[in-house]
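Following: one structure in structure tokens, then a few remarks.
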Amino acid sequence: MFFLNLLTMAFKEAILQESLGQEVRCLTCEKKCIISEGATGFCKTRKNIGGKIYTLVYGEISSLSANPIEKKPFYHFFPGSKALTVGTWGCNFTCPWCQNYEISKFPEKIGKGIYLSPEKFIELIKIYNCQGTSISFNEPTLLLEYSLDVFKLAKYYGYYNTYVTNGYMTEKALFLLIEAGLDAMNIDIKGDERVVAHYCGADVEKIWRNARIAKEKGIWIEITTLIIPGVNDSEEILRNIAKRIKNELGKDTPWHVNRYFPAYKFEWESYHPPTSLETLEKARYIGKDEGLEYVYCGNVPGHFFENTYCPKCNFLLIKRYALRVLEYKLTFDNKCPQCGKKIPIIK
């Protein structure tokens with residue numbers, strides 16, 4: 001009863017664009033596509049119609065689920081809560097290992113989703129007993145205009161707002177999200193400059209820039225790296241990521257080193273095996289060795305490194321299993337009950 005006719009509801013003029021005469025530059029993400037009349041940009045979700053760019057996916061939802069916040073993953077942001085999560089189609093990256101390729105790599109599906117208005121989104125949050133929103137599944141920046149409307153409503157009703165993102169939005173888009181009520185971002189750092197340029201078609205420095213800006217503006221940041229054998233699993237790459245997290249975002253910024261499973265082109269065309277536990281644990285050791293206080297092994301249910309331990313006395317603070325919080329031992333003011341160290345937890 002919550003969904004309306006998609007074909008009449010998914011178009012909306014893009015909020016960030018620049019006229020170049022016969023063409024228009026999209027300023028939503030750092031691709032900054034220059035789009036001719038009747039054409040779409042790289043992500044296929046934005047089209048030049050009559051000299052203006054329109055989003056083709058405003059409110060068009062390919063996926064909807066009430067998820068534990070730990071699934072994003074966020075381990076230090078409202079632990080144990082649920083976020084109503086939506087995504088659409090398309091992506092602005094070219095990752096050949098995409099874990100959600102069914103929705104991100106098939107732009108021909110645009111127009112075949114369901115329409116969910118921002119108002120109905122908020123109604124569903126209450127119905128599903130969630131505590132906030134998450135724009136995820138595919139790259140959420142492609143839902144910029146929708147995100148802004150949803151976030152403003154969510155803040156009005158007392159809900160939190162999160163993004164699970166590759167971090168490649170423009171600075172203007174990031175500032176708009178923050179002004180609308182963005183509370184937390186989990187940002188993918190997929191590798192070093194060479195890896196991100198070669199496999200993703202992007203400039204990793206723009207991602208680090210956005211992470212720094214968001215952190216400076218008070219947005220809670222957690223970083224995720226999907227560890228892919230033969231791509232980004234070298235000690236040099238992992239140490240570089242860990243050092244930059246510590247130096248640019250702070251040693252208390254959580255780093256999720258996640259297990260990869262073959263998907264998309266890395267399953268069909270150029271097989272890469274799943275990440276071994278040894279490699280995952282090596283990445284976790286590297287992060288700790290470089291001074292990060294909270295490094296987690298993900299996509300391995302039951303692994304003891306999905307728990308939160310006090311970085312001072314190693315006391316088990318939050319015990320998790322398969323994205324569920326089983327034990328929560330922090331004091332009411334977010335301190336370790338054994339040694340008194342303050343733990344960065346947003347709640």
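Laid out as a table, the results:
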| read-out | value |
| --- | --- |
| Extension gain from F304 to W268, taking 0.36 nm per residue of separation minus the Cα-Cα distance | 9.7 nm |
| The chain, Rg to Rh (Cα coordinates; Rh as Kirkwood inverse mean 1/r) | 0.96 |
| Linear extension gain, T94 paired with A66, 0.36 nm per residue minus alpha-carbon span | 7.3 nm |
| Rounded Å value of the spacing that divides the Cα centres of region 8-58 and region 98-163 | 20 Å |
| Antiparallel DSSP beta bridges within the chain, percent to nearest 5 | 55 percent |
| Nitroxide proxy distance, nm - points 7 Å out along Cα→Cβ at R194 and E18 | 3.2 nm |
| Around Y163: net Lys/Arg minus Asp/Glu count, Cβ-Cβ under 12 Å | -3 |
| The chain, helix-only ellipticity at 222 nm - DSSP H runs n ≥ 4, -39,500 (n - 2.57), divided by all residues, nearest 500 | -6500 deg cm²/dmol |
| Protection proxy ranking of 298-309, 176-187 - average other beta-carbon atoms within 10 Å, highest first | 176-187, 298-309 |
| Note, ³J(HN,Hα) from phi for region 105-116, Karplus 6.51, -1.76, 1.60, rounded to Hz, x at Gly and Pro | 10, 10, x, 5, 7, 4, x, 10, x, 10, 8, 10 |
| Dipole in debye (nearest 20) - region 6-55, about Cα centre, beta carbon charges: Lys, Arg +1; Asp, Glu -1 | 140 debye |
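Every number in this text was worked out from the coordinates using simple rules, so none of it is lab data. Bear in mind the structure is a predicted one, so any value in this text is a computation, not a measurement. Counting neighbours? That spans all protein chains shown, and the Cβs are built from the backbone with ideal geometry, glycine included.
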